[in-house]
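Working notes, beginning with the structure itself.
The values are calculated or read from the model by the stated rules, or taken from the named source; none is laboratory data. Computed from a prediction, not measured in an experiment: that's the story for all the values here. Quick reminder, even Gly has a Cβ in these numbers, built from the backbone with ideal geometry, and neighbours come from all protein chains shown.
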There are 2 protein chains.
Amino acid sequence: MKNAYAVIFSSERNDNDLSGYEETAYHMVELAKTQKGFLDIESVRDNNGIGITISYWETLEDIQNWKKNEEHLVAQQRGKSDWYKSFKVKICKIEREYEF
Amino acid sequence: MKNAYAVIFSSERNDNDLSGYEETAYHMVELAKTQKGFLDIESVRDNNGIGITISYWETLEDIQNWKKNEEHLVAQQRGKSDWYKSFKVKICKIEREYEF
């Protein structure tokens, strides 16, 4: 995945009022997978509501297009208004990788 | 943190034989914080033993130095022999970021 891009989404979820969250989160992953340039996604959330989701994309343009996707825009808005206390997004270029 | 570097460590922990894991994981975070170029760390692990830890560093050289730290080398070896089924490491350059 060298020279591909990673979007690191770190979030703290609200304690309550999570109606619609699980369905939307699931649907967004499925929708992301169908987008041009999508490579992979990994997502972990712990019992304290702290989560990290990383999606991987071929180009910065693919990331911009996904950010502007209409259904994704609606989900982003609900994330801000209802589901997340806070989040951070970082867009990174992959320089090297290895695995075990 | 633009132009800094992120080390994305995605791992699946073994189901058993985790003796020493928690102490070492805690100590490695504390030790990393004292290294030259260290900026930040965030870490999440879910109930299935899937985890993502991301550490942030000023330069690639800082990351190399941390990888070669003697105590860290011992921990890496135990990680491979005892604690992890598998892991992936990606080193990325941060191109942009925003938060909510």
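Just one residue in the set A:Gly79, A:Gly51, A:Gly37 is touching a helix residue (DSSP H, G or I) at 6+ places or on another chain (Cβ under 6 Å), surrounded by 15 or more Cβ atoms within 10 Å (Cβ to Cβ) and closer than 28 Å to B:Val7 by Cβ; that residue is A:Gly37.
Reported count of residues in the range B:2-22, each being in contact with a Gly (Cβ under 9 Å, 6 or more places away or on another chain) and away from chain A (no Cβ under 14 Å), is 2. The one condition from (1) of a type in the set (Gly, Ala, Ser); (2) within 14 Å of another protein chain (Cβ to nearest Cβ); (3) part of a helix (DSSP H, G or I) that B:Ala32 does not meet is (2). Checking each residue in the range A:1-48 for being touching a Leu at 6+ places or on another chain (Cβ under 8 Å) and of a type in the set (Phe, Trp, Tyr) picks out only A:Tyr5. Residues being under 15 Å from the mean Cα position of the chain (by Cα), on the phi > 0 side of the Ramachandran plot and assigned to a loop (DSSP other than H, G, I, E, B) are entirely absent from the range A:13-26.
Across the range A:74-100, the qualifying residues are those that are within 13 Å of the chain's Cα centre (by Cα) and among the small types (Gly, Ala, Ser), and the one among them that is nearest to the other protein chains (Cβ to nearest Cβ) is A:Gly79. Quick one: A:Phe100 ticks every box in (1) at pLDDT below 95; (2) touching an Asp or Glu at 6+ places or on another chain (Cβ under 8 Å) bar one, so which box is it? The one condition A:Phe100 does not meet is (2). For B:Val89, indicate whether it is β-branched (Val, Ile, Thr), touching a strand residue (DSSP E or B) at 6+ places or on another chain (Cβ under 6 Å) and either in a helix (DSSP H, G or I) or surrounded by fewer than 18 Cβ atoms within 10 Å (Cβ to Cβ) (or both). So B:Val89 passes the test.
Taking each residue of the range B:33-55 that is more than 17 Å from B:Ile91 (Cα to Cα) and looking for partners that are aliphatic (A, V, I, L, M) and surrounded by 14 or more Cβ atoms within 10 Å (Cβ to Cβ) with beta-carbon atoms closer than 7 Å, six or more apart or interchain, yields B:Val44/A:Val44; B:Val44/A:Ile50; B:Val44/A:Ile52; B:Val44/B:Ile52; B:Arg45/A:Val44; B:Asp46/A:Val44; B:Ile50/A:Val44.
Selection of the range A:56-100 for residues being without any contact (Cβ under 8 Å) to a residue 60 or more places away in the chain and among the β-branched types (Val, Ile, Thr) yields A:Thr59, A:Ile63, A:Val74. Only residues that are within 12 Å of chain B (Cβ to nearest Cβ), of a type outside the set (D, E, K, R) and part of a helix (DSSP H, G or I) were counted in the range A:36-73, giving 3.
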